[in-house]
Amino acid sequence: MNEPAIELQRVSKVYGSPPDQVRALTEVDLTVRYGELVAIMGPSGSGKSTLLTIAGSLEEPSEGKVLVGGIDLAKASRNDRAKMRRRLIGYVFQDFNLLPGLTVAENVALPLELDGTGARAARSISLKALDRLGLSERADRYPDQLSGGERQRVAIARAVVGDRRILLTDEPTGALDSVNGEAVMRMLRTACREGVAGVMVTHDSQLASWADRVVFIRDGRVVDQTIPPPGADSLLSGGKPSGGRQ
């Protein structure tokens, strides 16, 4: 069995203070192992995105323990957590967070350069990632020259470059058509087959069918877990498209 990449132990998250206190998560236990793709499903406001940001050390829990790559985040300094995020974790969030002053290729290459990769090598790696998502012709354009779906694919390319071993995605195919959505899911599945741990927040059951395990959350609590039936994963070797939106 692969070792744990992410461990949430009785994690709770509360925003605000009485009487306006909001409890986003309550005593959540979740383990995601390297090589596994886990989908998180639940209604709007159920705590899915909060779970994702806590798992990625972007927020701290109000209670409980979070371990990422075996590191107890409560015992790590702010600088150590920042280094861990940059080197270990790739993020794809709904607002994309692309830097407007950098070209597409520069946005994708930036995390590699921050980790010490030379500019030429970083650009070569970024171009390969963009080509896998059908964006090689957009490499020298700027984010505001792209469609929403293209920006989303750039954010995904940036998340998967380098040696990151954890991918955290929030509705990764939300702005994409079915063809590009499938390309994204193929890339995520391939990364997990190569040992990456993936966590995907989604409300799309077709998208969740690509996962090894689906975790259902409601009112901030994990209420069920299931293993999807075989099907989507077979697309890696051919089959009808699935995932993404029309």
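The values are calculated or read from the model by the stated rules, or taken from the named source; none is laboratory data. Given the structure is predicted, the values throughout are model-derived calculations rather than measurements. Quick reminder, even Gly has a Cβ in these numbers, built from the backbone with ideal geometry, and neighbours come from all protein chains shown.
Data table
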item	result
Every residue from the range 1-23 that is touching a Phe, Trp or Tyr at 6+ places or on another chain (Cβ under 6 Å) and either at pLDDT 95 or above or closer than 22 Å to Ala208 by Cβ (or both)	Asn2, Ala5
Qualifying residues in the range 204-220 (those that are farther than 12 Å from Val38 by Cβ and crowded, with 17+ Cβ neighbours inside 10 Å) - the one nearest to the chain's Cα centre (by Cα)	Leu207
Positions within the range 46-102 being in contact with a Ser or Thr (Cβ under 8 Å, 6 or more places away or on another chain) and among the hydroxyl-bearing types (Ser, Thr, Tyr), in sequence order	Ser62, Tyr91
Criterion: on the phi > 0 side of the Ramachandran plot and charged (D, E, K, R) - qualifying residue of Glu59, Glu27	Glu27
Among residues of the range 114-147, those that are closer than 18 Å to Leu98 by Cβ, hydrophobic (A, V, I, L, M, F, W, C) and out of contact with any Lys or Arg (no Cβ under 9 Å at 6 or more places or on another chain), counted	3
Enumeration of residues in the range 130-185 that are modelled with pLDDT under 90, surrounded by 21 or more Cβ atoms within 10 Å (Cβ to Cβ) and out of contact with any Leu (no Cβ under 8 Å at 6 or more places or on another chain)	Leu133, Leu176
Filter pass, Ala122 being in contact with an Asp or Glu (Cβ under 7 Å, 6 or more places away or on another chain) and over 26 Å from Glu182 (Cβ atoms)	yes
Single residue of the range 107-129 satisfying the filter (assigned to a loop (DSSP other than H, G, I, E, B) and in contact (Cβ under 8 Å) with a residue 40 or more places away in the chain) that is surrounded by the fewest Cβ atoms within 10 Å (Cβ to Cβ)	Asp115
Answer from Asp29, Asp72, Asp115 - the residue that is modelled with pLDDT under 90 and more than 16 Å from the chain's Cα centre (by Cα)	Asp115
Strands (runs of 3 or more DSSP E) within the range 130-239 that include 1 or more residues β-branched (Val, Ile, Thr) and free of Cβ contacts under 8 Å to residues at least 40 places away in the same chain	221-226
Selection count where residues are within 14 Å of Asn97 (Cβ to Cβ), touching a Pro at 6+ places or on another chain (Cβ under 7 Å) and not aliphatic (A, V, I, L, M), scope the range 148-192	2
